[in-house]
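Notes follow once the structure below has been shown.
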Amino acid sequence: MECEEFNPYEYKEEMMAVQDTMDVLQGKWKIKVLSSICFYDKRRFSDILNDVYGISNKMLSKELKDLEVNQLITRTVLDTHPVTIHYQLTEHGKTLGTIIDNLTEWGKRHRKKIIGG
């Protein structure tokens, strides 16, 4: 997408789509949690907690529930002792893979530009 001058009424549907996306992915943690699950396919709660620096147990639990409600991840309880729970992207959640990949590549280029190298 090119950022050009345009008639603000011409792209109303596109702006609504961006807002819908941000409503689902908003906040400090959701993209980071999704990235952890996306990069590794299946993740346990403790794995995600270790990947996402600074997130609390309570916040991670809330974010996982929100992502599950929005059908981006599934929660699978395995019959083990102790019980093991895996989180995995749904087919719908996997459609965010391109966005996560683009954010990853942009972040690498940005870090290189700012820090040098």
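Numerical summary
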{"quantity": "Efficiency of FRET from Cβ geometry, residue 98 and residue 65, R₀ 30 Å, rounded to 0.05", "calculated": "0.75"}
{"quantity": "Given 11 as the ceiling on other Cβ atoms within 10 Å, longest exposed-site-free region of the chain for GluC sites (Glu not before Pro) in DSSP loops", "calculated": "11-117"}
{"quantity": "Region 2-109: chymotrypsin sites (Phe, Trp or Tyr not before Pro) in DSSP loop, at most 13 other beta carbons within 10 Å", "calculated": "6, 9, 11, 53"}
{"quantity": "Region 49-117 versus region 15-40: alpha-carbon centroid distance in Å", "calculated": "9"}
{"quantity": "Around residue 44: net Lys/Arg minus Asp/Glu count, Cβ-Cβ under 13 Å", "calculated": "0"}
{"quantity": "Value at 222 nm in deg cm²/dmol, rounded to 500, when DSSP H runs of n ≥ 4 in the chain each add -39,500 (n - 2.57)", "calculated": "-18000 deg cm²/dmol"}
{"quantity": "Accessible-area order (highest first, 1.4 angstrom probe) of the listed residues 66, 20", "calculated": "20, 66"}
{"quantity": "For the chain: accessible area per residue (Å², 1.4 Å)", "calculated": "78"}
{"quantity": "Relative contact order of region 40-104, defined on C-alpha pairs under 8 angstrom at six or more residues apart (%)", "calculated": "33"}
{"quantity": "Kyte-Doolittle mean at least -1.0, axial Cα span of 24 Å or more - DSSP H helices of the chain", "calculated": "97-115"}
{"quantity": "Stretch gain in nm, segment residue 110-residue 80, where the contour uses 0.36 nm per residue and the Cα spacing is subtracted", "calculated": "6.5 nm"}
{"quantity": "With every protein chain in place, the chain: carbon and sulfur % of accessible area (1.4 Å)", "calculated": "54"}
{"quantity": "Stokes-Einstein D in µm²/s, Kirkwood radius over Cα pairs - the chain at 20 °C with 1.002 mPa s viscosity", "calculated": "133"}
{"quantity": "Percent of alpha-carbon pairs separated by more than 14 Å within region 48-117", "calculated": "72"}
{"quantity": "Trypsin sites (Lys or Arg not before Pro) lying in DSSP loop within region 23-77, provided at most 14 other Cβ fall within 10 Å", "calculated": "28"}
{"quantity": "Under the Debye formula (equal points on every Cα, no solvent term), log10 I(q)/I(0) of region 11-60 at q = 0.16, 0.21, 0.30, 0.31 Å⁻¹", "calculated": "-0.53, -0.73, -1.10, -1.14"}
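The values are calculated or read from the model by the stated rules, or taken from the named source; none is laboratory data. Computed from a predicted model, the values in this text were never measured in an experiment. Glycine gets a Cβ as well: all are built from the backbone with ideal geometry, and neighbour counts include every protein chain shown. To get the accessible areas, we keep the full protein, side chains included, count just its heavy atoms, and leave off ligands, DNA and RNA. Shrake-Rupley method; radii C 1.70, N 1.55, O 1.52, S 1.80 Å.
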